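Derivation of every value follows stated rules applied to the coordinates shown; laboratory data play no part. All figures in this text were calculated on a predicted structure; none of them were measured in a lab. Virtual Cβ from ideal backbone geometry, glycine too; neighbours counted across all protein chains shown.
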Amino acid sequence: MQAYHDHRNGKATDVSLAIAQDDAIREAIALQEAVGLESITDGEFRRASYWSSFVERVDGLEIKDAAFTFRDEAGHEQVFTAPHVSGPVRRQQAIAVDEFDFVRASTSQTPKTTLPSPPSMHFWRVDQGIDKAVYPDAKSYFTDLAAVYRQEIAALAAAGSTYIQLDDVPFAMLCDPEVRAKVASKNIDPDQLLQDYVALCNDSLRDRPPGVTVAMHFCRGNYKAHFLSQGGYEAVADLLFNGLTVDAYFLEFDSPRAGDFTPLRFMPTGRRVVLGLISTKTPILENPDTLMRRLDEAALHIDPAAICISPQCGFASTIGGNPLTISEQRAKLSLVVETAAAL
């Protein structure tokens, strides 16, 4: 974080920032390997936020204020920024290939490449996110956006990437009655928007190369222990679980805000279901017996052989981070591995 601040304030060069990022990524990889994880990420240390590099590297995107706010249990609100479409969207350079190359060269395990989901490039500014002089409607924008994803996924596959995760917040936000009401107040049908987003994602994954596993992570917001939405998956489960052409679902279940496991009954066979039962928002370590009990509860609604376990999100979605130390993060990841082995 300090290297980012120094670079932004002109106190550090591009080279010194890159060196700091390389060192941080190697440390993160070593930590993941030490606890026994078999899929490895770079911790997104080259990004100011999980979607920032996409905006920086794709033509036609810039950053403006979001229409929503983060909040915590005490009701404190935190504003944030979001992608805005200001020009024709085109992929003129690689988006995450260099990140994949570095991880592959730094681990013997499977590298996981993360990208923000396609709906993340639209939702947070609601009806104000697209310059109408560029795209007359969202459908025409979605056509170009999906092409960007297809090109990037093809480039990642050509580089050797076999595991890609799309990180999504809009789908989970559309579980929240308050969010749906806000969308409807802009004369947008939230159910139609969900269907449009499913079509966008599937178009983005169309013709993906064989041998590439694609997962989608559903997140309710993760910024300095604040969140964006609440509400169980019931309102969206049938459409998302049976409509999206992904291989695995990472689902947050770390708090009552996520609801219960009954929506898992809509999950078709042949999909991996990764339950995010371990919170990255708090240093409190979950009880192993409680985790096993919750896994048993989930198995009442889905084939137990499909179940996996993970933290509900990364330890930081932006350079702002969450209030956990490295040792607390290590304990959380170790608990993931230990619980998976027990399961």
Please say if segment 47-183 is rounded, prolate or oblate, where rounded means a/c under 1.5 for a ≥ b ≥ c the square roots of the C-alpha gyration tensor eigenvalues, and otherwise the choice is prolate for a/b larger than b/c and oblate otherwise? oblate
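Cβ neighbours within 10 Å, averaged per peptide: list 160-166, 112-118, 91-97, 295-301 in order, most packed at the top.
Working: 160-166: 20.4, 112-118: 23.1, 91-97: 17.6, 295-301: 15.7.
Packing proxy ranking, top to bottom: 112-118, 160-166, 91-97, 295-301.
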Prolate/oblate/rounded label for segment 159-216 (Cα gyration tensor, a/c 1.5): prolate
For segment 189-320, the Cα convex hull volume per residue in Å³ comes to 127 Å³
Provide the net charge surrounding A305, with neighbours chosen by a C-beta distance below 13 Å and charges set as Lys +1, Arg +1, Asp -1, Glu -1. +1
For P268, the net charge from surrounding residues (Cβ-Cβ under 13 Å; K, R +1; D, E -1) works out to 0
Share, in percent, of DSSP beta bridges within the chain that are antiparallel, nearest 5: 30 percent
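Can you check what the net charge comes to around L335, using other residues whose Cβ is under 14 Å from the Cβ of L335 (Lys, Arg +1; Asp, Glu -1)?
Values: positive: R294, R330, K332; negative: D254, E286, D289, E328, E338.
Residues near L335 contribute -2 overall.
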As straight-line cross-link partners of K132, the qualifying lysines (C-alpha separation under 28 Å, not fewer than 8 residues apart within one chain) are K64, K182, K186
Cα gyration tensor, segment 236-277 - rounded (a/c under 1.5), prolate or oblate: prolate
Residues of type aspartates and glutamates that K112 reaches as a straight line, Cα spacing below 15 Å, ignoring anything fewer than 8 places off in the same chain: E33, E38, D42, E44, D98, E99, D101, E152, D167, D247
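For segment 228-271, with only Lys/Arg (+1) and Asp/Glu (-1) charged at the beta-carbon, what is the dipole magnitude about the Cα centre, in debye rounded to 20? Show your work: numbers first, answer last.
Values: 3 positive and 6 negative charges, 13 e Å.
Charge dipole of segment 228-271: 60 debye, to the nearest 20.
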Just from the alpha-carbon atoms, what are the Rg and Dmax of segment 38-342 in angstroms? 18.4, 57
